[in-house]
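Only one structure is covered here, and it is reproduced in the block below.
The values are calculated or read from the model by the stated rules, or taken from the named source; none is laboratory data. Quick caveat: nothing in here was measured; it's all calculated off a predicted structure. So basically every Cβ, Gly included, is an ideal-geometry build from the backbone, and we count neighbours across all protein chains shown. Ligands, DNA and RNA are excluded from the accessible area calculation, which covers all protein heavy atoms including side chains. Shrake-Rupley method; radii C 1.70, N 1.55, O 1.52, S 1.80 Å.
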Amino acid sequence: PRNQRRRPEKRRMASTDPRKIAEVRDVHRLERIGAHSHIRGLGLDDALDARMVSQGMVGQNSARRAAGVILSMIQEEKIAGRAVLIAGQPGTGKTAIAMGMAKALGDDTPFTMLAGSEIFSLEMSKTEALTQAFRRSIGVRIREEAEIIEGEVVEIEIERPANGQAATFGKMTLKTTEMETMYDLGQKMIETIQKEQIQAGDIITIDKSSGKISLLGRSFARSRDYDAMGPQTRFVQCPEGELQKRKEVVHTVNLHEIDVINSRQQGFLALFAGDTGEIKHEVREQIDAKVAEWREEGKADIVPGVLFIDEVHMLDIECFSFLNRALEADSAPIVIMATNRGITNIRGTDYKSPHGIPLDLLDRMLIISTQPYTQREIRKIIDIRAEEEDVEMTEDAKELLTKIGVESTLRYAIHLITCSNLVAMKRKAQEVDVPDIRKVYSLFVDVKRSTQFLMEYQQEFMFSEVHEEEEDADMPQAKEG
């Protein structure tokens, strides 16, 4: 009778795929407002054309379109072991494009961000630091079959001892649309049930190998039990078929995590301690052989990710020669680099080269160029940043900030948004106006005014180089001979 009652209800409501194990967690995240926290993606349409303002991105249409082509090739797994260089003046959105690519790729594709100077500050060799960054950017999607119990909780009975100690025995009844079974509970399972606050009417899955309980949601049959429900309450159809099922579970890990687990005595705890140190080449060779074996058996897939190296001109000639070799490896990620340098010295040599990168490595790269923002684009960026930082501004104040951004730098104009908001709050104003912008403009100088001040008062500063040069010129030179 119970099955007959539920069937018409099942036709009305969307059922969940029984092959998916959803884990519902109440996660409290603290989101900080960062320099690129407003970026949600590259802002491209289906034809890979850049929209004027979309997903936090403004302007740089050709650069975003080029990044979109590379992105689609990454997603189709048709590109690996390639290098892309994003080159442009400071403040033209190079890091923003890389962040947009990371957001568009999603969580399944590994994305590692690295600053060029980071590899010199680690307690390991430069090549080891780069190797670890490369292996962090290569994902391994491992498939395994797991036996699970999935059903709706009918009743939970937990026997609590009279002396107040933790409960050690209990019973739980689970049902599907076709069957109902009672299970005995041990102390560990009781603790998990109490922690997850599982009650009658919940749909749960239990992993038989680990004993892990995942809460999928409430049963549709119990949707009318309460007059009011929280927005996070999720309703799920009662599972069909048998309680015990075999499901394919997919885990995505990166090669560096496998390296660390296999190279340290403390195993996976080294991942949390951060003290990974140098990993032996033999360990990596064994892991590569094992992963290749899994691929042949169909147990695993390689997911080439993205390694983003910002300020790439900070790398030296040894790192560049290592990159040349590493990019030719079978399982190499896509390496995206960014630089704001013109023709400058290659670090570690006296030779000059475009962007401070050797010509043989430049020849292997696809180069994306970024252009300075126009006045209209700067205005759009200021609108987006004001909204992101939750600052109300008048139109006149935004126009003044745009003018400052054009004459000085975009970063300086963006820094003034929160500062001017604090000044406006001080005078108990609802929104930022022109006097607030003028106030902070006089308090905080930009690079041009700071340079002008230094040129005027150079001699008053300590260790004045200009002053010393003048003194050297005035001093009489000793005659030779």
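See the values below:
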read-out: Principal semi-axes in Å for region 323-362 [√(5λ), Cα gyration tensor, largest first]; value: 23, 12, 7
read-out: Overall form of region 356-440 per C-alpha gyration tensor (a/c, 1.5; a/b vs b/c); value: prolate
read-out: Full-extension gain in nm, Gln430 to Ser210, via 0.36 nm per residue minus C-alpha separation; value: 73.7 nm
read-out: Spatially proximal lysines relative to Lys398 (Cα-Cα < 17 Å; intrachain offsets below 8 disregarded); value: Lys380, Lys439
read-out: Amide H contacts of Ile336 (H built 1.01 Å from N, under 5 Å, at least 5 apart or other chain); value: Val84, Leu307, Phe308, Ile309
read-out: Gain in span if fully extended, Ile142 to Thr252, counting 0.36 nm per residue against the direct Cα distance; value: 39.0 nm
read-out: Label point distance in nm, Lys290-Glu407, each placed 7 Å from Cα along Cα→Cβ; value: 6.4 nm
read-out: Region 124-163 shape via C-alpha gyration tensor axes, a/c threshold 1.5; value: oblate
read-out: Candidates per GluC sites (Glu not before Pro) in region 288-385, loop by DSSP, up to 12 other Cβ within 10 Å; value: Glu328
read-out: Solvent-accessible ranking of Tyr351, Tyr412, largest area first, probe 1.4 Å; value: Tyr351, Tyr412
read-out: Lys247, Lys171, Lys299, reordered so the largest accessible area comes first (probe 1.4 Å); value: Lys299, Lys171, Lys247
read-out: Nearest-0.05 FRET efficiency for Leu366 and Lys299, computed from C-beta distance (R0 35 Å); value: 0.55
read-out: Region 116-200: C-alpha gyration tensor shape, a/c 1.5 cut-off, then a/b vs b/c; value: prolate
read-out: Per-pair calculated FRET efficiency, R0 = 22 Å: Met73 and Asp46 via Cβ, rounded to 0.05; value: 0.90
read-out: Residues Asp316 and Asp350, FRET efficiency given R0 of 22 Å [Cβ-Cβ distance, rounded to 0.05]; value: 0.95
read-out: Leu44 accessible area, assembled protein chains, probe 1.4 Å, Å²; value: 30 Å²
